[in-house]
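The values are calculated or read from the model by the stated rules, or taken from the named source; none is laboratory data. Predicted model only: the values in this text are computed from it and were never measured. Heads up, the Cβs are rebuilt from the backbone with ideal geometry, glycines too, and the neighbour counts pull from every protein chain shown. Surface accessibility is based on the protein's heavy atoms, side chains included, excluding ligands, DNA and RNA. Shrake-Rupley method; radii C 1.70, N 1.55, O 1.52, S 1.80 Å.
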Amino acid sequence: MIKKILIANRGEIAVRILRACKDLGIQTVAIHSTADADAMHVRLADESVCVGPPPPRESYLNIPSVISAACVSGADAIHPGFGFLSENSTFAHMVEEHQLIFIGPKADHIAMMGDKITAKKTFSKFGLPTVPGSDGAVSNITKALKVADEIGYPLMIKAAGGGGGRGMKVAKSKTDFAEAYETARREAGISFGNDQVYLEKYFTNPRHIEFQIMADKFGNAVHLGERDCSLQRRNQKVWEETLSSALSPDFRDEFGRKVAESVGQLGYLGVGTLEFLYEEGRLYFIEMNTRIQVEHPITEMITGVDIVREQILIANGDRLSLSQEDVKFQGHAIECRINAENSETFIPSAGTVVNYHCPGGPGVRIDSALYDGCKVPPYYDSLIAKLIVYANDRDQCLARIRRALREYVIDGIDTLIPLHLKLVCHPDVIAGHFDIHFLEREFETGTDL
Ligand code: ADP
């Protein structure tokens, strides 16, 4: 059995992983930059190692430092969390080379899904519907224009190596296409070190729906239902819920089984998420994330499955603790991402948290690394807390969110709490009528189209 895990992350996800380790009786090693010496994840871990100065490249993304920290502390496994090195196949490979267990999929599968073109081709081969578009990369403008005419406008130009809501350009019509295509290629080369781009039909009012999966080394694969992550800003999720009102139980069951089967056929190991766009009753695959996701807790709330625990046990070589028949969905759960950002301008906010008061009561779970007097440094992702609310049905869930948001006090920095209060009181959100462009349309935060 794994005895000691090094958690190669920070913030709320590092704390979440620590908690799963403690429940399993596993020792924990935190890593931190000099800016995070007093952070919650460092305080809660059994041991900690400073891996470098504040800039992520020199600390949390510094592979030699992170692996050395695992070796000197005697850890037998590394959990990468999300972001940072979690989808870096070279890192996963190097971890294994050092006789350490990487808590995630095989390096080859990370690389395969990191290339969105290969990911689409792979799942299309397994029979999943994908977003209509070019058959692979389009490497010059002449070919691109021809393919664009076949797909029709509006369309999206996407970087094969894109991620985190970046590397996407919309062309409304043929007039915009050439410029959008060239910009997309140039930016992809600079940002992702890979200038390959592909084209996709641009959906004008889809929902974002994703399936959570888990698979063990014995070929067992299950799905844990879907999450509706349509409330987004700049292609980044802000609010997620499960189950989605868009899918009927029969559709979910049939489609979910297909998703789990394809993951099983792939020989995938660990937890992951297949993302789809949903329009007019149909789902179209866009990409797979080969790691734990920010929004995993809502699935935990309605299934009772501790996904991080399962992830660790799968990496340990255990069988999944449940079969598809054992997966039952109960109630409704919603997550509000509390980012350290101004609720109107979305400008990131750093500083010291004061007067911290966390909501509680029935159905309320907070995943965060905040405490009164803690520092929110300017160097990292702005996600500082997740308000996760569970209730028997969606209406009760919304009422509990309102109650919890009004109780939540985070002073000293700006947060998205005021935005979530507006969202949870908005008639369309209450009615469940929204698509991926809703938030930008309603709150005038600027949209591509
Ligand atoms: P990333 O890896 O950067 O998160 P995704 O491929 O998952 O990129 O897309 C992120 C978001 O961008 C989606 O949730 C959706 O809102 C939007 N998006 C992606 N592809 C399309 C498309 N073909 N049409 C319309 N919106 C899209």
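Can you tell which of 331, 304 is farther than 22 Å from residue 20 by Cα and open to solvent by 20 Å² or more (accessible area, probe 1.4 Å)?
Being farther than 22 Å from residue 20 by Cα and open to solvent by 20 Å² or more (accessible area, probe 1.4 Å) holds for just one of 331, 304, which is 331.
Test residue 192 against the criterion of being more than 14 Å from the ligand (Cβ to nearest atom), of a type in the set (Phe, Trp, Tyr) and at negative phi, and give yes or no.
no
Does residue 95 satisfy the condition of being touching a residue at least 40 places away in the same chain (Cβ under 8 Å) and either more than 15 Å from the ligand (Cβ to nearest atom) or in contact with an Asp or Glu (Cβ under 6 Å, 6 or more places away or on another chain) (or both)?
no
With 365, 406, 394 as the choices, which residue is modelled with pLDDT of 95 or more, touching a Pro at 6+ places or on another chain (Cβ under 7 Å) and of a type in the set (D, E, K, R)?
Result of the check over 365, 406, 394: 365.
Under 6 Å between Cβ atoms, at least 6 apart or on separate chains: pull out the pairs that start in the range 272-300 with a residue that is under 21 Å from residue 163 (Cβ atoms) and open to solvent by 20 Å² or more (accessible area, probe 1.4 Å) and end on any residue that is more than 9 Å from the ligand (Cβ to nearest atom) and in a helix (DSSP H, G or I).
Every condition considered, the pairs that remain are 287/119.
Suppose we keep only residues that are hydroxyl-bearing (Ser, Thr, Tyr) and closer than 17 Å to residue 297 by Cα within the range 234-258. Which one would you say is farthest from the ligand (Cβ to nearest atom)?
Only one residue fits best here, namely 242.
Sort out which residues of the range 209-233 are within 9 Å of the ligand (Cβ to nearest atom) and open to solvent by 10 Å² or more (accessible area, probe 1.4 Å), and write them in order of number.
232 - this is the single residue of the range 209-233 that is within 9 Å of the ligand (Cβ to nearest atom) and open to solvent by 10 Å² or more (accessible area, probe 1.4 Å).
How many residues, within the range 264-287, are farther than 30 Å from residue 363 by Cα and within 16 Å of the ligand (Cβ to nearest atom)?
8
Here is a list of conditions, (1) touching a residue at least 12 places away in the same chain (Cβ under 8 Å); (2) surrounded by 18 or more Cβ atoms within 10 Å (Cβ to Cβ), and residue 62 meets all of them except one; can you say which number that is?
(1)
Considering only residues of the range 236-255 that are under 29 Å from residue 166 (Cβ atoms) and out of contact with any Lys or Arg (no Cβ under 8 Å at 6 or more places or on another chain), which is most open to solvent (accessible area, probe 1.4 Å)?
236
Return yes when residue 261 is within 16 Å of the ligand (Cβ to nearest atom) and of a type in the set (D, E, K, R) and no when it is not.
It is false that residue 261 is within 16 Å of the ligand (Cβ to nearest atom) and of a type in the set (D, E, K, R).
Would you be able to say whether some residue in the range 124-136 is in contact with an Asp or Glu (Cβ under 9 Å, 6 or more places away or on another chain), away from the ligand (no atom under 16 Å from the Cβ) and touching a residue at least 12 places away in the same chain (Cβ under 8 Å)?
The answer is yes, given that some residue of the range 124-136 is in contact with an Asp or Glu (Cβ under 9 Å, 6 or more places away or on another chain), away from the ligand (no atom under 16 Å from the Cβ) and touching a residue at least 12 places away in the same chain (Cβ under 8 Å).
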